[in-house]
Amino acid sequence: MSAKLIIPSCCGSRWTTLGWIIFFILLVSVLQWYIPYPLDDDTAYHFSVGQLMARDGILHSFPWTRFSWQFDHYADKEFLFHLLFVPLGGLGFVNASRVVGVIGGALVLTTLYLVLRDERVRYAGIWALLPLGASVFAYRFAQVRPQLLSIALALIVLWAYSRNRLRILAVAAFLYPLTYVAFWQIPLILVVAVEVARVFTRERFCWKPAATLVAGIIAGVALHPNASNLLAINWIHMADILLRNAWGAKVEFNMGEEFDPFPLITWAQYLAVTVLMAGTALLLAWRERTKDSFPLACALAMLIFWLLTMRTIRFLEYFVPLSSLALAVATRSLALRFLAPSLLGISLFYTLTTGTIPYRNLASYDLKNWYMEPDVARIFAREIPVGAKVFTTGWEYTGSLLLNLPDRYYMVALDPTLLYKRDPLLYDVWYRTLLDAPADSAQIVRTRFDSRFVVAQDYQPLWPFFSALQSDPTVRLLFANGKWLLFDLGEQRPVTGS
């Protein structure tokens, strides 16, 4: 039996819907303007790609990262996200990022609200706000990255597939390959959740949603400007970046903290209310499974992302909104009029009592290690000529270099695995040179990496490497301020014959 036959209408008027959408836009705007500078180096990369597209058109190679797999196999796996930045260059990096952050964040909240409204959930707007009560989610939500568009698309796919809304499903499926790298993995998770729920509720399998989803994804891939490379980088992200390097704990790959799991104390400090909601949603959805498969589908999708979040932080952005969605639809028929406002109050109280650090970090520069101060950027731009080849000791700040020092040529962006996939032996040289700091480090950088300049962040584990560079009499330390270092290795030495 459909939930719409047993739940009284409480969706409100179109004016109510418009009011909530405007409120979401204003709320996310306040959040973005509260942040003085974007939280993540990836945002600088995405902005830079958008400006390159504005100047050069659709990109089919990426020569600005010389040793990345993307150099000559470029796949714009966030194509639509980058298009959002194309007309915003005149606003500058910070304000352009805020605008895109508002678009992405408002889409997430609006999508969650509209799904709940269509499911006739009371206080749909408040349920949509509940995820922001978890401060660790709010921090991830505030990052201007393509995951925002993926969250919205995932919610649409889950709902449209479950409810046989084929036109909406087709559009969402088509947009996924143009928007996010995991364009078939996330929909597959959602399809598994829906179909398993249907088995438990003894609903018949319907082939039309599955066919629509597959056709939409295929069409999106076919019309992507880098279609063949998109398929390859999708596999690299799943097989190499996630399974081999992040989950395989390869010590020679620094994957960043977002691939790590949360310790138990973090779950208790920041996600206790979310976990309580998730567990309750699972129990209620199972109890109500004979009436409607959608609550159980939401609960199962939430459970899968819950398990993934236990392994890797970056799946948090799906788990938290799905926990709100799952509990909201599982409690529709209960006589709990003020459940949503009560949960929002409890969540905010718990967070303000135990977990305000992520909220405070939003306005802090302390964690933005990749941020390059304007004075430093001016000095580097003066010392490193346009067209220069630059060696870097990490990948985490390449976005900042592309932003502040455009039209120079760097190592790799976004993930070190992309260097490894292009040239495993060269990756090993890079890794071993930084780790072992051989006496001829400067010559290795000049010859193996064809680089005259070295830009580095002043990490203590790299001090032996910096000392090895300075031991070469031809190397000049042009700049050091305790955070950034710039070396000029001079012209490459001529090779003398025997």
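For Cα Rg over 2.2 N^0.38 Å, the value computed from the atomic coordinates appears in the list (i) 1.88; (ii) 1.05; (iii) 0.96 under label (ii).
For the chain, the relative contact order works out to 19 percent when only alpha carbon pairs closer than 8 Å and six or more residues apart are counted.
Would you please classify the overall shape of the range 55-207 from the alpha carbon gyration tensor, given that a ≥ b ≥ c denote the square roots of the eigenvalues, rounded means a/c under 1.5, and beyond that prolate means a/b larger than b/c while oblate covers the rest? Mind dumping the intermediate values first?
Values: a/c = 2.44, a/b = 1.47, b/c = 1.65.
It comes out oblate by the Cα gyration axes.
Model label points for Ile103 and Asp423, set 7 angstrom from Cα along the Cα-to-Cβ axis, are 3.6 nm apart. Taking every Cα-Cα distance in the range 374-488 and sorting them into 5 Å bins starting at zero, the pair-distance distribution P(r) comes out as 2, 12, 23, 26, 22, 12, 3, 0 percent.
Cβ crowding within 10 Å, taken as a proxy for footprinting-reagent exposure, orders Arg198, Arg337 from fewest neighbours to most as Arg337, Arg198.
Subtracting the Cα-Cα distance of Trp235 and Met310 from their residue separation scaled by 0.36 nm leaves 24.8 nm.
Counting only aspartates and glutamates at least 8 places from Lys77 when in the same chain, those with an alpha carbon closer than 20 Å to its own are Asp40, Asp41, Asp42, Asp56, Asp240, Glu258, Glu317, Glu396, Asp415. Can you tell me the orientation of helix 316-330 relative to the chain, as the angle in degrees between its alpha-carbon axis and the longest Cα principal axis, to the nearest 10? Computed tilt is about 0 degrees. For the range 374-488, the relative contact order comes to 26 percent (Cα pairs under 8 Å, sequence separation of at least 6). Shown here is the pair-distance distribution of the range 111-192: with all Cα-Cα distances grouped in 5 Å bins from zero up to the longest one, the shares run 3, 14, 22, 23, 21, 14, 3, 0 percent. Assuming R0 = 22 Å, can you tell me the calculated FRET efficiency for the pair Arg378 and Ser467, based on Cβ-Cβ distance, to the nearest 0.05? After rounding, the FRET efficiency stands at 0.20. Angle of helix 92-118 to the longest C-alpha principal axis of the chain, folded into 0 to 90 degrees and rounded to 10: 20°.
For the chain, the 222 nm mean residue ellipticity estimated from helices alone, with every DSSP H stretch of n ≥ 4 adding -39500 (n - 2.57) and the total spread over all residues, rounds to -18000 deg cm²/dmol. Cβ under 15 Å from Gly104's Cβ, Gly104 left aside: what net charge do those residues give with Lys, Arg +1 and Asp, Glu -1? Charge balance near Gly104 sits at -1. Among residues other than Trp395 whose Cβ falls under 10 Å from its Cβ, what is the net charge (Lys/Arg +1, Asp/Glu -1)? It works out to a net charge of -3.
Which FRET efficiency value, to the nearest 0.05, is calculated for Leu352 and Ile22 with the Förster distance at 45 angstrom and r the Cβ-Cβ distance? Don't skip to the answer; put the middle values down first.
Numbers: r = 26 Å, r/R0 = 0.58.
Taking R0 as 45 Å, the efficiency between Leu352 and Ile22 is 0.95.
For the range 134-183 and the range 298-314, what is the separation of their C-alpha centers, rounded to whole Å? So the two Cα centres are separated by 15 Å. Between Asn164 and Trp207, the simple spin-label model (points 7 angstrom out along Cα→Cβ) gives 1.5 nm. With contacts taken as Cα pairs under 8 Å at a separation of at least 6 residues, the range 285-336 carries a relative contact order of 38 percent. Relative to the dominant Cα principal axis of the chain, helix 424-436 is inclined by about 70°.
Read the figures in this text as sums done on the coordinates, not as results from a lab. Being a predicted model, the structure only gives us computed values, none of them experimental. Neighbour counts are summed over all protein chains in view; Cβ atoms, including those assigned to glycine, are modelled from backbone coordinates with ideal geometry.
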